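The values are calculated or read from the model by the stated rules, or taken from the named source; none is laboratory data. Quantities reported herein were computed from a predicted structural model and do not represent experimental measurements. Backbone-built Cβ (ideal geometry, glycine too); neighbour counts: all protein chains shown. Surface accessibility is based on the protein's heavy atoms, side chains included, excluding ligands, DNA and RNA. Shrake-Rupley method; radii C 1.70, N 1.55, O 1.52, S 1.80 Å.
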Amino acid sequence: MRTALGRSPDPGHRRRASMLTETRSSRSSRTRSRARAVLIGLLAIAVPLGIAQRPANAATTWTPPQPTYRLNDTAKGGAMSILPAGENGLVNASQLAAFESNGTRPAGSQDQLAPYINLIYNAQNLSNSQLHSYYNDESFGIASGNLVRTETPSTSVNVVIYRDKHDVPHIYGQNQSAVAFGAGYAAGEDRLFEIDVLRHYGAGNLSMFLGPSCADEQMDHDALLLGGYTTAQKKAQIDTLPNRFGSLGTTLKTMVYSFINGINAYITATQTNSALLPAEYPAVTGAAPQTWSVSDVVDLATLLGGIFGKGGGSEVRNAATLQYLQTQLAGSASAARTVFADFKEQNDPDAPTTIVGTNFPYEIPGTIDSSTYPTIDNASAPLTGGPTDTTPGCDVTSTNVPAVSIIAKTLDLPSHMSNALLVDGAHSTDGHPLAVFGPQVGYYAPEILMEEDLHATNGTYDAEGSSFPGTNFIVELGRGRNFAWSATSAATDNVDQRIELICDPGGGTPQPNGTSYMFNGTCTAMNENTFTEVCVPKPGGQGQPVTITHNIFTTVHGVVQGWTTVNGGKPAAVVNQRSTWGAEVDSGIGFMRWNMPTQTKDVTSWMNGAGSIDYTFNWFYVDISTIGYYQSGKLPIRPSNVPPNVPTWGTGVAEWQGFLGFDAHAHETGSPTGYITSWNNKGAPQFSAADDAYQWGPVHRVLSLNQEIQHQFSVHSGKITRANLVTAMETAAMVDLTGRQELPLLLPYATARTEPSGVQAMLAQLQTWLNAGAPRKKAVTSNAQYANAAAVAIMDELAPRLDRAFFDRLFQAGGVYQGKVDGTVNGMDAGYNQLLMEFADNPSTHGGSSYYDGWEGYVWKALRQLTSQPVAKPFTAITTSHLCGSAGLSSCGTAIDNALLATYNALVTANGNSNVSSWTQDTGTKTLGVNMPAYDAIKFTGVGIVGQPDMDYQNRPTFQQVVEFP
């Protein structure tokens with residue numbers, strides 16, 4: 001048996017997938033894995049393809065309404081959206097056989113892919129009339145001739161589901177509860193296997209569902225460290241909503257229960273109609289889908305809150321960086337803090353912000369009191385008592401690749417969401433505001449978002465857009481009757497790492513992994529919950545049915561992550577204190593307000609909804625006359641004497657002093673610039689970066705959006721159309737941020753120096769590319785190489801060498817790691833071990849979203865200081881004295897020369913010639929044996945058996961809306 005926060009006393013007890021037990025509650029879910037061949041047997045009993053029609057409700061007089069086109073819809077066709085590859089995520093056994101036989105895909109599963117891709121090569125000189133070639137109509141209801149089928153999922157619940165030609169469900173119910181039931185049924189139909197994977201991951205029992213593997217076991221433990229709730233604790237979060245939120249809480253609770261009933265109704269339907277059963281169940285788990293409970297919604301909400309909607313929680317890592325810097329700076333703690341502050345960029349005046357000209361100060365410390373934080377003895381050492389390894393023998397069975405792939409991508413999502421461009425009516429050709437916005441959530445097959453149109457015939461619910469499946473009884477990103485909204489992740493600081501001082505209840509010597517801690521002068525026992533998984537290996541594995549046990553400990557602050565020592569050997573536990581812990585579903589109140597016409601009518605009431613959302617997001621609003629912005633989050637107010645970037649005591653001396661008030665959150669209606677933009681950048685001046693955020697410096701990818709909007713203003717006399725705003729978005733989507741921001745400083749400096757002829761030829765290629773805007777784009781879709789391919793290769797090869805030229809003296813001693821593409825080390829330096837941020841967030845991750853963070857701002861600052869140009873917050877003298885060579889900043893010219901020459905030599909090797917203009921490869925593409933467009937291409941993560949083809953790179957929202965209310 002393995003103890004998740006401790007060593008395994010008996011490695012022979014490993015897992016099975018039939019049940020998970022808890023010390024305080026129990027649950028069961030029988031799952032087994034079988035070989036893919038099971039599908040062949042299933043085909044023999046599969047009923048004809050299609051959705052079984054149930055009889056209309058006979059027990060009531062309710063008459064299902066028709067999906068009247070644009071009923072209560074003031075957009076009048078001015079709202080559009082796109083979600084590649086398509087809405088339909090159901091592949092049954094017959095459809096799988098057809099796909100494997102002749103490539104035929106289910107209808108609605110790929111119809112949005114081509115329009116999404118085609119915009120790349122048609123975004124220039126775009127007109128409003130052409131937008132429907134790249135976006136779908138997002139009007140309420142269904143236009144004449146576009147209704148494909150009708151579903152009546154229940155004989156007792158008054159709800160009907162209409163499917164349009166894109167397979168989007170338009171759900172009409174008698175009231176909100178009925179709508180939620182229909183949304184649950186649609187979630188089952190479109191995303192059943194996907195949400196099953198996600199609910200088991202959120203519950204920490206993925207091994208039980210997919211069978212044993214080292215990866216599944218590790219992910220189970222990591223998920224439990226987010227929440228660590230028992231089933232009873234999860235259910236209580238739902239059941240106490242009315243007590244905490246009154247009538248809105250009652251509505252939310254009712255909708256959750258009804259939503260679960262809808263999912264279960266679909267699961268029941270699969271038992272008699274195998275055409276409804278996703279092929280993944282017999283092929284991957286070997287078992288039928290199991291019913292849901294309301295605790296599953298909490299598990300999914302925990303993923304949203306603990307992964308997507310949070311910022312901070314890297315204080316221990318920062319402490320390790322400070323300790324490293326101190327060793328590099330002759331043991332000076334003061335010098336280490338100064339250099340750390342230079343790179344942390346907590347509040348850089350040059351950082352681009354969404355709000356311009358208005359300060360929203362947050363987390364601005366005063367004089368730090370050293371008694372509020374301990375010193376971790378070795379912050380780089382792994383925490384003890386945690387899963388430093390997995391159960392011996394966990395690798396005897398193979399990992400379920402599709403499911404593990406989606407989880408891995410899910411873990412990567414917070415740093416990759418999203419962008420928004422809004423323009424006010426004064427800068428619109430017809431006087432009404434414009435919006436092009438959406439979340440970047442990666443690319444999945446089926447997509448990790450789902451589209452839907454929800455309406456209650458009693459007038460209490462009207463919304464259309466997209467949501468995370470499994471929570472889609474609410475439209476989370478979309479539009480109402482007379483407004484639309486979207487989001488980008490804010491990553492503001494709602495997580496702190498606390499140091500709990502271990503004590504002995506009897507007054508003796510504290511044990512290294514003790515489970516009592518000091519709080520407000522009292523030795524307090526931790527709470528302990530034990531989670532047990534019984535797991536069956538998949539066919540072909542050599543393991544036996546075995547058991548895993550996870551012991552999770554919590555304190556008043558949150559879940560224990562592991563143990564360490566502080567202040568010279570004192571035992572301590574590290575705890576993540578997250579403001580949304582224990583209240584995972586509360587943000588549903590804010591989302592629900594936006595779906596209710598009586599709750600949201602204008603920007604003011606919309607902001608009230610945003611203020612009810614505890615997750616840390618930037619929210620954006622547009623209606624017929626107004627654009628708006630609000631940054632949500634349950635953000636702690638910390639004592640002014642507490643350091644914001646290192647672990648603080650959990651003993652009671654550094655407790656949170658409440659939470660940021662509604663008006664103190666960054667927000668605005670309208671904008672002095674005429675536009676509002678966000679690409680996960682800083683929300684407002686003086687709003688501090690979270691402890692895990694190093695990217696809010698002078699260079700940020702939002703600059704590309706700003707520059708392209710300004711360009712559209714310039715060429716259209718200050719007034720633009722929806723199509724012009726789409727052009728601005730798509731042009732920015734192709735920008736190589738490193739090239740566009742570093743080259744204007746580097747090229748004048750380097751070309752004025754004496755460089756070898758080969759280097760001069762490289763600089764000429766870079767200049768031509770920069771003059772074109774530094775795009776990573778083919779001239780036409782059929783080309784094999786990028787336009788300006790040589791310059792793109794040069795920039796990719798040069799950028800990490802330039803980073804190292806400037807900063808090796810400070811960080812090289814801690815080690816340099818290389819990048820990986822498709823699991824293969826690409827031979828190119830990707831970052832320093834001792835700083836949290838990679839050199840560049842390049843497109844080679846295959847997720848589309850790129851340039852979220854990187855060292856471009858550091859290089860920008862160093863080049864400006866080298867060339868005596870103004871910098872609002874320059875590197876301090878301690879830092880500049882340690883740049884480049886022994887003479888500090890004055891050594892940087894030679895270091896740059898060396899980086900350029902090394903780049904030239906590396907590219908001669910990669911391309912096999914010295915003809916710079918003919919180059920098409922860099923070290924990374926050469927190592928992997930692909931061309932640059934393939935190296936950057938977007939790859940869909942397969943959640944199920946049927947995937948999607950790669951598509952050309954673009955840095956653009958996955959689900960995207962184009963909106964104007966006329």
Notebook entry, point to check: Relative to the Cα centre, what is the charge dipole magnitude of the chain, using +1 at the beta carbon of each Lys and Arg, -1 at the beta carbon of each Asp and Glu, and rounding to the nearest 20 debye?
Noted result: 800 debye
Note to self: Counting only Cα atoms, I'd like the Rg/Rh figure for the stretch 765-870, Kirkwood definition for Rh.
What the structure shows: 0.99
Item checked: the stretch 453-554, accessible surface, carbon-and-sulfur percent (1.4 angstrom probe) -> 48 percent
Next item on the list: Taking H placed 1.01 Å from N in the peptide plane, check which residues at least 5 places from Phe959 or on another chain put their amide H under 5 Å from its amide H.
Entry: Val441
Next item on the list: Let me know the Kirkwood hydrodynamic radius for the chain, please, with Cα pairs as the basis and the value in Å to one decimal.
Entry: 29.1 Å
Note to self: One quarter of the convex hull surface, Cα atoms only: what value does that give for the stretch 149-248 in nm²?
What the structure shows: 9.0 nm²
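For Asn931, what is the net charge nearby, where nearby means another residue's Cβ is under 11 Å from its Cβ and Lys, Arg count +1, Asp, Glu -1?
Once positives and negatives cancel, what remains is 0.
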Item checked: Surface share of carbon and sulfur [accessible, 1.4 angstrom probe, percent] for the stretch 704-782 -> 52 percent
Margin query: Once you order the gyration tensor axes a ≥ b ≥ c over the Cα atoms, which shape class does the stretch 235-356 get: rounded for a/c under 1.5, otherwise prolate or oblate by comparing a/b with b/c?
Written below: prolate
Margin query: Could you tell me how many cubic angstrom of Cα convex hull volume the stretch 101-154 has per residue?
Written below: 142 Å³
Check: Of Val715, Val560, which has the most accessible area with a 1.4 Å probe, and how do the rest follow in descending order?
Finding: Val715, Val560
Next item on the list: May I ask you to derive the relative contact order of the chain, considering only C-alpha pairs under 8 Å and at least 6 residues apart, and to give it as an integer percent?
Entry: 18 percent
Check: Roughly how many Å² of Phe181 are accessible to a 1.4 Å probe, to the nearest 10?
Finding: 20 Å²
Notebook entry, point to check: Mind checking which lysines have their C-alpha under 27 Å from Lys682, skipping anything on the same chain fewer than 8 residues away?
Noted result: Lys310, Lys344, Lys409, Lys634, Lys719, Lys861, Lys873
Next item on the list: Kindly report, to the nearest 10 Å², the accessible surface of Phe437 as traced by a 1.4 Å probe over protein heavy atoms only.
Entry: 0 Å²
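Run through the stretch 110-177 and list the trypsin sites (Lys or Arg not before Pro) located in a DSSP loop whose Cβ has at most 16 other Cβ atoms within 10 Å.
Sparse-neighbourhood loop trypsin sites (Lys or Arg not before Pro): Lys165.
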Check: Where does the chain land at 222 nm, in deg cm²/dmol rounded to the nearest 500, when only DSSP H runs of n ≥ 4 count, each adding -39500 (n - 2.57), divided by all residues?
Finding: -9500 deg cm²/dmol
Margin query: Show me the chymotrypsin sites (Phe, Trp or Tyr not before Pro) within the stretch 522-614 that DSSP assigns to loop and that have at most 16 other Cβ atoms within 10 Å of their Cβ.
Written below: none
Note to self: Using amide H atoms built in the peptide plane, which far-off residues or other-chain residues are under 5 Å from Leu477 H to H?
What the structure shows: Ser466
Notebook entry, point to check: Hey, any idea what % of the stretch 888-943's accessible area is carbon plus sulfur with a 1.4 Å probe?
Noted result: 49 percent
Notebook entry, point to check: So what J values fall out for the stretch 876-883 if you push phi through Karplus, 6.51 cos²θ - 1.76 cosθ + 1.60 with θ = phi - 60°, rounded to Hz, Gly and Pro as x?
Noted result: 6, 4, 4, 5, 5, 6, 10, 8
Notebook entry, point to check: What list of whole percents do you get for P(r) of the stretch 156-206, with Cα-Cα distances grouped in 10 Å bins up to the one holding the largest distance?
Noted result: 25, 39, 28, 8
Next item on the list: Return the loop-located chymotrypsin sites (Phe, Trp or Tyr not before Pro) in the stretch 440-498 (DSSP other than H, G, I, E, B) with at most 11 other Cβ atoms within 10 Å of their own Cβ; answer none if there are none.
Entry: none
Item checked: Signed unit charges on C-beta, dipole axis of the chain, positive-most listed residue Thr230, Ala319, Pro597 -> Thr230
Margin query: Counting heavy atoms of the protein chains only and a 1.4 Å probe, report the per residue accessible area for the chain as a whole number of Å².
Written below: 32 Å²
Check: Rounded to the nearest 10 Å², what accessible area does Glu476 show when all protein chains are kept and the probe is 1.4 Å?
Finding: 20 Å²
Next item on the list: Using the 2.2 N^0.38 Å rule of thumb for compact globular proteins, work out how the stretch 795-932 stacks up: its C-alpha Rg over that value, please.
Entry: 1.10
Item checked: Estimated vicinal HN-Hα couplings, Hz - the stretch 442-453 in sequence order (Karplus 6.51, -1.76, 1.60; Gly, Pro = x) -> x, 10, 10, 10, x, 5, 7, 10, 9, 8, 6, 10
Next item on the list: Pop out the ³J(HN,Hα) list for the stretch 269-280 in order, Karplus 6.51 cos²θ - 1.76 cosθ + 1.60 with θ = phi - 60°, rounded to Hz; leave Gly and Pro as x.
Entry: 5, 5, 6, 10, 9, 5, 5, 8, 8, x, 5, 5
Checklist line | Largest to smallest principal axis extent of the C-alpha atoms in the stretch 510-646, angstrom | finding: 62, 55, 23
Note to self: How long are the semi-axes of the equivalent ellipsoid of the stretch 132-187, taking √(5λ) for every eigenvalue λ of the Cα gyration tensor, in whole Å from largest down?
What the structure shows: 23, 11, 9
Notebook entry, point to check: What fraction, in whole percent, of alpha-carbon pairs in the stretch 861-966 exceed 24 Å separation?
Noted result: 59 percent
Check: Taking the Cα atoms of the stretch 673-829 alone, what are Rg (to one decimal) and Dmax (as a whole number) in Å?
Finding: 18.2, 53
Check: For the stretch 447-563, what log10 I(q)/I(0) values come out of the Debye formula at q = 0.11 1/Å, with one point per alpha carbon and no solvent?
Finding: -0.77
Notebook entry, point to check: Roughly how many debye, to the nearest 20, is the charge dipole of the stretch 601-683 about its Cα centre, given +1 on each Lys and Arg Cβ, -1 on each Asp and Glu Cβ, and no other charges?
Noted result: 180 debye
Notebook entry, point to check: Considering amide H positions built from the backbone, and no H for Pro or chain starts, which residues 5 or more places from Trp649, or on another chain, come under 5 Å of its amide H?
Noted result: Tyr373, Ile499
